[in-house]
Every structure is written in structure tokens, then in C-alpha cells.
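First up is the structure itself, then whatever we jot down about it.
The values are calculated or read from the model by the stated rules, or taken from the named source; none is laboratory data. What you see is a predicted model, and the numbers here were worked out from it, not measured in a lab. Backbone-built Cβ (ideal geometry, glycine too); neighbour counts: all protein chains shown. SASA here: full protein model, heavy atoms, side chains in, ligands and nucleic acids out. Shrake-Rupley method; radii C 1.70, N 1.55, O 1.52, S 1.80 Å.
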Amino acid sequence: MTSIIKVDQIQNAAGTTGLTIDSGGRVTLPYQPAFKAKKNSLQTTTTANEVITFTGEIFDQGNDFLNSIFTCPVDGVYFFSCQWLSAASTIQHDVRLLANTNTFLATSRNAQSGGHETVTVNHVGYFTAGDTVKVVASSSGSGVYGDG
């Protein structure tokens, strides 16, 4: 037996809309956790595993990104991506994604070329509510530029 449910919105018991379907069949999830942060200047680290500080947010749907750390609001699969420009030097500039205190997720390494290099690091994984994710430079003296 085939069933058809015709609704425009799905709400929780308190009346908050969690899903909307428009007349064209497009689905929106207005509270889906998502953010994009920016960094406008060079950060040269003074310690190992120093948190990369972001200077602002392009958007932060759910307000889960605070002080350069994302806190997962619900259990689920999350995708993280960070792109950076290394300082023009021969120092190795490693950037890592870390979960919670120090669980390694992914790393990206430039080639010590003496010039600037653009590098990207990505991770897809399952997280539980309250888990945190941050971007760190793994060694002292690393230089990381952002893009305004």
C-alpha cells in the first residue's frame, strides 16, 4: 500500500519548524547547524597546537561557533573544511582539525617551499552533542593567513 503525506511544515511539540517543503518540492532545514568563519590577518603561533583564531563569522546558523571553536549541538554526521595560506617561509606549517581536547581528525602540511601555499583540510565524521572541533597549528612559529 502506498501512502502520501501532504504537509508544508514539520514542527516539534513546542511549535518550532524544523522542516519546510515549498510548492516546488524544495526542502529547507532552518536549524541545520552550519557556519563559515573568516580570518583577516596573519597569525604566527607561539606554542604547539595553538588554536587558530578567526576574526569574524560570515554566518553561524544555530550559534554553535564561539571563540573559534564549534560545539556540536546534536548527535550526527558533520563535515568540516578549512582552507588557509601559509606564510612565505621554509618553516613547516601544519594545520590540524582536533576534536574535543586533542583527538586528531585531519592534518594538512605545506611543502616548506619558502613561498606561500594554499592548503585545505577536510573531515567527515560522526559526533555527539557537546563534542567540540577546532583548527590548530601543530608547531610553534607556524604562520597562517586568512582571507577577508
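So in the chain, what percent of DSSP beta bridges are antiparallel if you round to the nearest 5? Please report the intermediate quantities before stating the final value.
Numbers: 42 of 42 bridges.
Restricted to the chain, the bridges split so that about 100 percent are antiparallel.
Leaving out same-chain residues fewer than 8 places away, which aspartates and glutamates sit with a Cα under 15 Å from that of LYS36?
Partners found: GLU57, ASP60, ASP64, ASP147.
When the scattering of segment 11-148 is computed by the Debye formula from its Cα atoms alone, each counted once and equally, what is log10 I(q)/I(0) at q = 0.13, 0.16 Å⁻¹?
Debye output, listed in q order: -0.61, -0.84.
Please compute the modelled spin-label separation between LEU29 and THR17, points set 7 Å along Cα→Cβ, answer in nm with one decimal.
So the two model labels end up 1.7 nm from each other.
Out of LEU19, LEU105, LEU66, any idea which swings most in a Gaussian network model of the chain, alpha carbons joined below 10 Å?
Looking only at LEU19, LEU105, LEU66, the biggest GNM fluctuation is shown by LEU19.
I want to verify a result. In a Gaussian network model of the chain, Cα cutoff 10 Å, which of these has the top mean-square fluctuation: VAL95, VAL119, VAL51?
VAL119
At 1.4 Å probe size, with the rest of the protein present, what percent of the exposed accessible area of the chain is carbon and sulfur atoms?
52
Tell me which residues come under 5 Å, amide H to amide H, from TYR31 once H is placed; ignore anything under 5 positions away on its chain.
Correct list: empty.
Put +1 on the Cβ of every Lys and Arg and -1 on every Asp and Glu Cβ in segment 1-121; which of ASN49, THR17, HIS116 then has its Cα farthest towards the positive end of the dipole?
Of the candidates, HIS116 comes out farthest on the positive side.
Given SER68, ILE4, ALA106, which one lies farthest toward the positive end of the charge dipole of the chain, if we put +1 on the Cβ of every Lys and Arg and -1 on the Cβ of every Asp and Glu?
ALA106
What does the charge dipole of the chain about its Cα centre add up to, to the nearest 20 debye, if the Cβ of each Lys and Arg holds +1 and the Cβ of each Asp and Glu holds -1?
Details: 8 positive and 11 negative charges, 29 e Å.
Dipole about the Cα centre, nearest 20: 140 debye.
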